[in-house]
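Note sheet for the following structure.
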Amino acid sequence: MTRKYGAAFLTALAAGSLAPATAATAAETPTSADAARRCTSLAGLRLADTTIESAALVPAKAAELGIAGDKPGYRSFCRVVARVRSAPDSDIGVEIWLPTERWTGVFHGNGNGGFAGDLAGGYSGMVDGLRRGFATATTDAGTAPASPLEGEALIDHPRKWRDWGRLSTHVMTITGKAITKAFYGRNARRSFYTGCSTGGQQGLIESLYYPEDYDGILVGAPVINRTWGHAAVLWDYAAAHRTPDSLLSDAKLKLLNRAAVAACWRQGHGLAGDRFVSDPLNCKFDPGVLQCRGAAGNACLTEAEVATARAFYSGPTNRAGKANYFGWLPGSEMPDTFGWSFLQKPIRDQPPFGALFKWVFGADWDWKGFDFDRDMPAVDARLDPIVNDATRGSLADFAARGGKLIIFHGLADTLVAPGQSIAFFDRQAAEVGGDHRLAESARLFLAPGMMHCGGGTGPDSFNATLGIPPQPPGYDAEHDLFSALIEWADGGDAPNQVIATKFASDDAGRIEMQRPLCAYPRKAEYRGWGSTLSASSFRCVAPDDR
């Protein structure tokens, strides 16, 4: 397959050209006709608390070569949509794609994003699962009619909060595996999960509380502390709207980013010529160095703008100035789709993802009156037991049965703080006796310059299940974390590094640079010779070896 496979497939699905066939055509072979009958028969499948809404064959489409380039094809699959209603106000949507030929015996679960609410949030991972011959599934997390960026529809629906925070992925997995068995006549021999953001949280919940569900789990930018993650976004929005002069324009964000990258390079936490920071965790940068000494302009920051930038870097603090949560790291300032500019823009005249606070304080809640010291205890009292289970729990049972977990996180992420993935990993290591013990079952990869799940100025292509960056240049374990996870879970070597690729923005097929991402706590270090655009010029070094 080409790297265009995922995007083209999703475009076709959204456009309706992959609408399920309702009946076999005259041109079908006996094999495909049998697949159509087996598929449509799933509409009558009886599972507890489950309604099969549709079950229909999506015919295969051959790859084509057109004037504009490749038009990738896809294998035939049975597309099943189901709803599980096991309790009052619980309504969890599940969609599964079942290859009609060459099924590998693998079940593949996928996560969603934001407040979820629709099934399309998992399609990018399902595209990759289908390409590999997996039975592949996703869930709307039980939050419909919410949408990924809007959760007001969930006010006064605590059961839906619980499905979103804890239960829906397990329901998807149990239901998906049952439908898979009904279609193929046998159980899946292996199970894998992939997801990012909210999907990352869903995967951690599976590893912590349902260790039997999956043999391998790959998660990116997982939301771990949900309540304080939303509080961090509110903190940023409030800082940017404190006065009419507090907003940071795109020009000011680019100025900040250039200054941060330069400061970190001078401190030895980056390489000359890079547009990103290699080690932002150890870089110190004060935006006050940019404060205007004379007239305001795009070459400096006003006092109000400096205050906004400092709030973004610090994250939520209490009245005494002590950190309550994590801030964003130097090098994350770019005005991209989910960058600092997004954090300042209202959604329906509210802060991004602010609907979560309306679940606690009601539909009339106004962000302008929110006091973090006074009000966050009320938020946590109401929601922590429901949506923050990833802050608790142990990987011990998952590891004991041979489960493998890989976490990745972009160090320029500005929606989910990278610091919480590191804190999660360190907490689990302490519980099992150190990094070396945890490394037998879990690995963490930090991606310099990568934003939320992908994008940014650093190399971001290393996971074929993501829909944001381009596909990796190869689907091997050296370039693709999902392939590395599968090999590891099947008895191969644990991944010590993966090569991340940055493709040129003006030519989707041209590789601009490559760097290794190293298993934490190791970091990529330049050897001192060779091109800084080549991964071979770097090695992974443990902190003690520096």
Is it true that some residue in segment 102-119 is among the small types (Gly, Ala, Ser), surrounded by fewer than 24 Cβ atoms within 10 Å (Cβ to Cβ), closer than 15 Å to Thr50 by Cα and over 23 Å from the mean Cα position of the chain (by Cα)?
-> no
Count of residues meeting criterion [touching a Ser or Thr at 6+ places or on another chain (Cβ under 6 Å) and either surrounded by 22 or more Cβ atoms within 10 Å (Cβ to Cβ) or more than 17 Å from Tyr123 (Cα to Cα) (or both)] in segment 61-76 | 1
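Restricting to segment 339-369, what's the tally of residues that are farther than 19 Å from Ser246 by Cα and not small (Gly, Ala, Ser)?
At the first step, the residues of segment 339-369 found to be farther than 19 Å from Ser246 by Cα are 348, 353-366.
Next, from what is left, pick out any that are not small (Gly, Ala, Ser): 348, 353, 356-361, 364-366.
Matching residues across segment 339-369 total 11.
With respect to Ala508, determine if the residue is in contact with a Pro (Cβ under 8 Å, 6 or more places away or on another chain), open to solvent by 50 Å² or more (accessible area, probe 1.4 Å) and either part of a strand (DSSP E or B) or not basic (Lys, Arg) (or both). Show your work before the answer.
Numbers: in contact with a Pro (Cβ under 8 Å, 6 or more places away or on another chain): yes; open to solvent by 50 Å² or more (accessible area, probe 1.4 Å): yes; either part of a strand (DSSP E or B) or not basic (Lys, Arg) (or both): yes.
Answer is yes for this residue.
Among the residues of segment 269-296, which ones are surrounded by fewer than 19 Cβ atoms within 10 Å (Cβ to Cβ) and assigned to a loop (DSSP other than H, G, I, E, B)?
Selection gives Leu271, Ala272, Gly273, Arg275, Lys284, Asp286, Cys292, Arg293, Gly294, Ala295, Ala296.
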Can you find even one residue in segment 159-167 that is under 30 Å from Asp375 (Cα atoms), buried (at least 22 other Cβ atoms within 10 Å of the Cβ) and among the acidic types (Asp, Glu)?
-> yes
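Condition check ((1) touching a residue at least 12 places away in the same chain (Cβ under 8 Å); (2) open to solvent by 40 Å² or more (accessible area, probe 1.4 Å); (3) touching a helix residue (DSSP H, G or I) at 6+ places or on another chain (Cβ under 8 Å)) across all residues:
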position	(1), (2), (3)
Lys404	yes, no, yes
Leu415	yes, no, yes
Gln420	yes, no, yes
Gly434	no, no, no
Ala439	yes, no, no
Leu466	yes, no, yes
Pro472	yes, no, no
Could you please tell me which pairs satisfy a Cβ distance under 8 Å, a separation of 6+ or placement on different chains, a first residue in segment 265-283 that is over 20 Å from Ala417 (Cα atoms) and without any contact (Cβ under 8 Å) to a residue 40 or more places away in the chain, and a second residue that is of a type in the set (Asp, Glu) and open to solvent by 70 Å² or more (accessible area, probe 1.4 Å)?
-> none
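Scan the strands (runs of 3 or more DSSP E) fully inside segment 80-173 and keep the ones with 1 or more residues being polar (S, T, N, Q). Quick ask: steps written out before the conclusion?
Details: elements: 92-99, 106-110, 135-139.
Correct list: 106-110, 135-139.
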Go through (1) under 22 Å from Phe372 (Cα atoms); (2) touching a residue at least 40 places away in the same chain (Cβ under 8 Å) and name the single condition Gln202 misses.
-> (1)
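Looking at Arg266, is it over 26 Å from Pro351 (Cβ atoms) and of a type outside the set (A, V, I, L, M)? Show your work before the answer.
Working: over 26 Å from Pro351 (Cβ atoms): yes; of a type outside the set (A, V, I, L, M): yes.
Yes.
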In segment 345-354, which residues are open to solvent by 10 Å² or more (accessible area, probe 1.4 Å) and either among the aromatic types (Phe, Trp, Tyr) or touching a helix residue (DSSP H, G or I) at 6+ places or on another chain (Cβ under 6 Å) (or both)?
-> Phe353
Only one of Gly458, Gly419, Gly402 is farther than 28 Å from Leu329 by Cα and among the small types (Gly, Ala, Ser); which?
-> Gly402
Does Leu247 qualify as being assigned to a loop (DSSP other than H, G, I, E, B), farther than 17 Å from Met451 by Cβ and in contact with a Phe, Trp or Tyr (Cβ under 9 Å, 6 or more places away or on another chain)?
-> no
Does Ala299 count as in contact with a helix residue (DSSP H, G or I) (Cβ under 9 Å, 6 or more places away or on another chain), surrounded by fewer than 23 Cβ atoms within 10 Å (Cβ to Cβ), part of a helix (DSSP H, G or I) and not hydroxyl-bearing (Ser, Thr, Tyr)?
-> no
Please indicate, with yes or no, whether at least one residue in segment 222-239 is open to solvent by 40 Å² or more (accessible area, probe 1.4 Å) and more than 30 Å from Glu440 (Cα to Cα).
-> yes
If Gln202 passes every condition in (1) under 17 Å from Asn110 (Cα atoms); (2) outside any helix (DSSP H, G or I) but one, which one does it miss?
-> (2)
If you go through Tyr209, Tyr193, Tyr184, the only one that is crowded, with 21+ Cβ neighbours inside 10 Å and touching a residue at least 40 places away in the same chain (Cβ under 8 Å) is Tyr193
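Give segment 511-546 a look and list any residue that's assigned to a loop (DSSP other than H, G, I, E, B) and within 17 Å of Asn282 (Cα to Cα), or say none.
Step one: filter segment 511-546 for residues assigned to a loop (DSSP other than H, G, I, E, B), giving 520-522, 527-534, 542, 546.
Answer for segment 511-546, where residues must be assigned to a loop (DSSP other than H, G, I, E, B) and within 17 Å of Asn282 (Cα to Cα): Tyr520, Pro521, Arg522, Ala542, Arg546.
The values are calculated or read from the model by the stated rules, or taken from the named source; none is laboratory data. What you see is a predicted model; the values in this text were computed from it and never measured. Ideal geometry is used to build each Cβ from the backbone, glycine not excepted, and the neighbour counts take in all protein chains shown. The protein model used for the area step is the full one, side chains on, heavy atoms only, and it has no ligands, DNA or RNA in it. Shrake-Rupley method; radii C 1.70, N 1.55, O 1.52, S 1.80 Å.
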